[in-house]
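**Q** One structure follows; several queries about it will come next.
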Amino acid sequence: MNSADGNRTERAGMAPLENSVGEDSLSHRRRDIILLQPGKGRHYGLGLLTGVFKADEAETEAAYSVSEWILKPGLNGVGRHSHIANDEVFYVLEGVPEILVGTCWRHCTPGTFLRIPPGVVHDFRNTGETTARLLNFFIPGGFERNMPAISAWFAAQEQV
């Protein structure tokens, strides 16, 4: 990617990286290297929850998205939901969040890996006293296109 197409890496203050892989059937964009320093990415504040998108459909041709979710203590969940056509993968980085899978809430310690297939109801919350962090893979990508509207909804709820 170059500066003409709004490369996120440049916005993060880093020079674009070149990929040494030769031409093949994958598009140039999908082969671009993405390197973000800790804390970098597109941030969405949602009250006690923050989403930080690291790679999304624009960079992966909608193959997947990668995000970090930061759950402050007292987050009671985002609401039970499911995705019709997407796998969702969570990996616990820090804290002890609870993740709903179907009808069962599970305490997840750092290092816990969880794959939620399409159609399975899920949610996540942090009833602990410390911040929890989850790494999330959404396959295929596309969820992030909803984040501006989701962020606006959370902002409206805080004003009520």
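The values are calculated or read from the model by the stated rules, or taken from the named source; none is laboratory data. Computed from a predicted structure; not experimentally measured. With ideal geometry, Cβ positions are generated from the backbone for all residues, glycine too; neighbour counts draw on all protein chains shown. Accessible surface areas use protein heavy atoms only, side chains included; no ligands, DNA or RNA. Shrake-Rupley method; radii C 1.70, N 1.55, O 1.52, S 1.80 Å.
**Q** Within region 60-87, can you find the residues that are hydroxyl-bearing (Ser, Thr, Tyr) and farther than 30 Å from Arg31 by Cβ?
**A** Once the filter is applied, which keeps residues that are hydroxyl-bearing (Ser, Thr, Tyr) and farther than 30 Å from Arg31 by Cβ, region 60-87 yields only Ser82.
**Q** Ala155: over 18 Å from the mean Cα position of the chain (by Cα) and not in a strand (DSSP E or B), yes or no?
**A** Criteria met by Ala155.
**Q** Please find, among Arg106, Arg125, the residue that is open to solvent by 70 Å² or more (accessible area, probe 1.4 Å) and either touching a residue at least 40 places away in the same chain (Cβ under 8 Å) or not in a loop (DSSP other than H, G, I, E, B) (or both).
**A** The unique qualifying residue is Arg106.
For every residue, the table says whether it meets (1) of a type outside the set (D, E, K, R); (2) open to solvent by less than 20 Å² (accessible area, probe 1.4 Å).
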| residue | (1), (2) |
| --- | --- |
| His81 | yes, no |
| Glu94 | no, no |
| Leu135 | yes, no |
| Gly142 | yes, yes |
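**Q** Please verify whether Pro73 is within 25 Å of Ala152 (Cβ to Cβ) and surrounded by fewer than 19 Cβ atoms within 10 Å (Cβ to Cβ), treating the condition exactly as stated.
**A** Answer is yes for this residue.
**Q** Follow-up question, since we're still on this one. From the residues in region 40-62 that are small (Gly, Ala, Ser) and open to solvent by less than 30 Å² (accessible area, probe 1.4 Å), which one is nearest to the chain's Cα centre (by Cα)?
**A** Out of the qualifying residues, it is Gly51.
**Q** Still on this structure: In region 109-122, how many are open to solvent by 60 Å² or more (accessible area, probe 1.4 Å) and either at pLDDT below 95 or of a type in the set (S, T, N, Q) (or both)?
**A** Residues meeting the conditions: 1.
**Q** I'd like to check something: does region 1-24 contain any residue that is open to solvent by less than 60 Å² (accessible area, probe 1.4 Å), modelled with pLDDT under 95, under 21 Å from Glu144 (Cβ atoms) and in a strand (DSSP E or B)?
**A** No.
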